[in-house]
Every structure is written in structure tokens, then in C-alpha cells.
Amino acid sequence: MIAISYRREDSLPIAGRLYDRLQAEFGKRNVFMDFDSIPPGVDFRERIKETIEKSDLVVALIGPHWLGEQTDGSRRIDDPTDFVRLEIDYALKAKIPV
């Protein structure tokens, strides 16, 4: 399984193209991207954690606004509940290549 981690407002178009190409090469069941892979009503955080932990590889797309700079000077990546941070953290803790 290949999981794609990205910040929507930073790299959604690129993530979508990468997702399509990886699916074409490895099959739809072998590539995970949040918007297409989590059914409605499922606990989003738990599904991401489970999926990342059973992935063979996590591709982190880091664009110019990946840190999630806010108008008050804070950064979303510094928030322990930030999804992008959680995805990377889950992968690193599980010793999955990022």
C-alpha cells in the first residue's frame, strides 16, 4: 500500500495526478488518498492511522504552504492534531519509509 500525505490547500492538484498515476501502475486497492479512500461515516482519524500503519510507503507532498502558515503567525504543522503532522508521525513511529 502506498499512502499519499498532502495539504489540500497546498498541493491537491499534484496529489490528484500522482494518485491517478500510482493507481494506474499499482491498482486502486494499493494506493490511499483521503478524499477517495475513506467512506462517509467512518472515523476519519482512525482510518488514516490504520491505513498509514499498514502502508509500505508514505509519499509526503511538500509544497510552498505545507507548514500551514496562519494569519496569526502560527503554523498548522505545529498543532499536534494537524492531520498532515499525524500522518507523518504515524509513519515514522511505525518505521515506514516517508
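The values are calculated or read from the model by the stated rules, or taken from the named source; none is laboratory data. Model, not experiment: these values are computed from the prediction. In this analysis, Cβ positions are derived from the backbone assuming ideal geometry, glycine residues included, and neighbour counts consider all displayed protein chains.
Could you tell me which of the residues ASP79, ASP10 is in contact with a Gly (Cβ under 9 Å, 6 or more places away or on another chain) and modelled with pLDDT of 90 or more? Full working, then the answer.
Working: ASP10 fails: modelled with pLDDT of 90 or more.
That would be ASP79, the only listed residue that is in contact with a Gly (Cβ under 9 Å, 6 or more places away or on another chain) and modelled with pLDDT of 90 or more.
Working only within the range 56-74, note down all residues that are of a type outside the set (A, V, I, L, M, F, W, C) and modelled with pLDDT under 95.
Pass one, the range 56-74, residues of a type outside the set (A, V, I, L, M, F, W, C): 56, 63-65, 68-74.
Within the range 56-74, GLY63, PRO64, HIS65, GLY68, GLU69, GLN70, THR71, ASP72, GLY73, SER74 meet the criteria.
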